[in-house]
Amino acid sequence: GKYYLQAGVNPISGDAVREICADNNNNLWIGTEDAGINQLNLATGKFTNYTATGKKGAISYPNVHGLLAFNHQLFIGPFLQGLEIMDIRTGKVTERFKLIGDKNETPGDFVISVYLTRDSALYVGTAYHASGLFLFDEKRKTFKRIKEIPLNSYVFDILEDSKGNIWTGSVTQGAYYYHPKTGKHGN
């Protein structure tokens, strides 16, 4: 179906859709660049909007780029705000990571892509200053930079191929790949 902004009819919020992902509960999550996140319940057709209200548990900024639903969590990359994790069951942001990166390097704050591999490794791609590919350790709540993908390569997209290679798409430097087990990498 098509969904448009319509006054008074439980419409989708925002004009610029950036990301769409599905969860395991028959919902689509739609990140916009101007109105936060919309949840579309596919069974009912009802939209619920989550935006930056300044209240505790709300997303921090209405311009959303990276978006990934996994289990009961929604990983969110608001523009220049790091990474936020929302509990899908409550609709509340439970964790915020303002800066992404290692302590000894310049960290980034613009998560533009989030990807989950077949073996449940969670990768985060960042853009602008200190951009690169990072592996999120959910237990330790840390980000490890993947050094096989060059720093400042602006990781616009992430994909795992059938052989287990992790590919990243950049804006100006083409595609990079690396294999987490063998360390093989290239451009």
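The values are calculated or read from the model by the stated rules, or taken from the named source; none is laboratory data. All values reported here derive from a predicted model rather than from experimental measurement. Cβ placement follows ideal geometry from the backbone for every residue including glycine, while neighbour counts extend to all protein chains displayed. All accessible areas refer to the heavy atoms of the entire protein, side chains included, with ligands and DNA or RNA removed. Shrake-Rupley method; radii C 1.70, N 1.55, O 1.52, S 1.80 Å.
For the stretch 126-163, run through the trypsin sites (Lys or Arg not before Pro) and keep only the ones in DSSP coil with at most 14 other Cβ atoms within 10 Å of their Cβ.
Sparse-neighbourhood loop trypsin sites (Lys or Arg not before Pro): K139, R140, K141, K147, K163.
Select from T90, N27, F79 the residue farthest towards the positive end of the dipole of the stretch 9-101; place +1 on Cβ of Lys and Arg, -1 on Cβ of Asp and Glu, and compute about the Cα centre.
Projecting each Cα onto the dipole axis, the largest value belongs to T90.
Starting from a Cα-only point model with no solvent, please compute log10 I(q)/I(0) by Debye for the chain at q = 0.11, 0.20 1/Å.
-0.48, -1.37
Tell me which trypsin sites (Lys or Arg not before Pro) from the stretch 18-69 have a DSSP coil assignment and no more than 11 other beta carbons within 10 Å of their own.
K46, K55, K56
Please list, by residue number, everything in the stretch 144-164 whose backbone N is under 16 Å from a paramagnetic label point 7 Å out along Cα→Cβ of D137.
Taking a point 7 Å out along Cα→Cβ of D137, the residues of the stretch 144-164 whose backbone N falls under 16 Å are 144-147.
Are any of the pairs K92/K144; K147/K181; K141/K181 more than 24 Å apart by Cα-Cα distance, and if so, which?
Beyond 24 Å: K92/K144.
Of H65, H185, which has the most accessible area and how do the rest follow, probe 1.4 Å?
Largest accessible area first, the residues go H185, H65.
Non-local amide H neighbours of G36 (under 5 Å, H modeled in plane, Pro and chain starts lacking H): which ones?
Hits under the 5 Å cutoff: N63, V64.
Bin width 10 Å, origin at 0, all Cα-Cα pairs of the stretch 1-100: what percent of pairs per bin?
Percent of pairs per bin, in order: 17, 53, 27, 3.
For the chain, with only Lys/Arg (+1) and Asp/Glu (-1) charged at the beta-carbon, what is the dipole magnitude about the Cα centre, in debye rounded to 20?
Using only the charged Cβ atoms, the result is roughly 440 debye.
Which lysines have a Cα less than 16 Å from the Cα of K139, not counting those fewer than 8 places away in the same chain?
none
Straight-line reach from K103: which aspartates and glutamates have a Cα under 12 Å away, not including same-chain ones fewer than 8 places off?
none
Nearest 0.05, what FRET efficiency do K163 and K55 give at R0 = 41 Å with Cβ-Cβ as r?
E(calc), rounded to 0.05, equals 0.35.
On a 1.4 Å probe surface of the protein chains, which of D109, D15, D157, D137 comes out largest in accessible area, and what is the full order?
D15, D157, D137, D109
Rounded to the nearest 20 debye, what is the charge dipole size of the stretch 1-110 about its Cα centre when +1 sits on each Lys and Arg Cβ and -1 on each Asp and Glu Cβ?
380 debye
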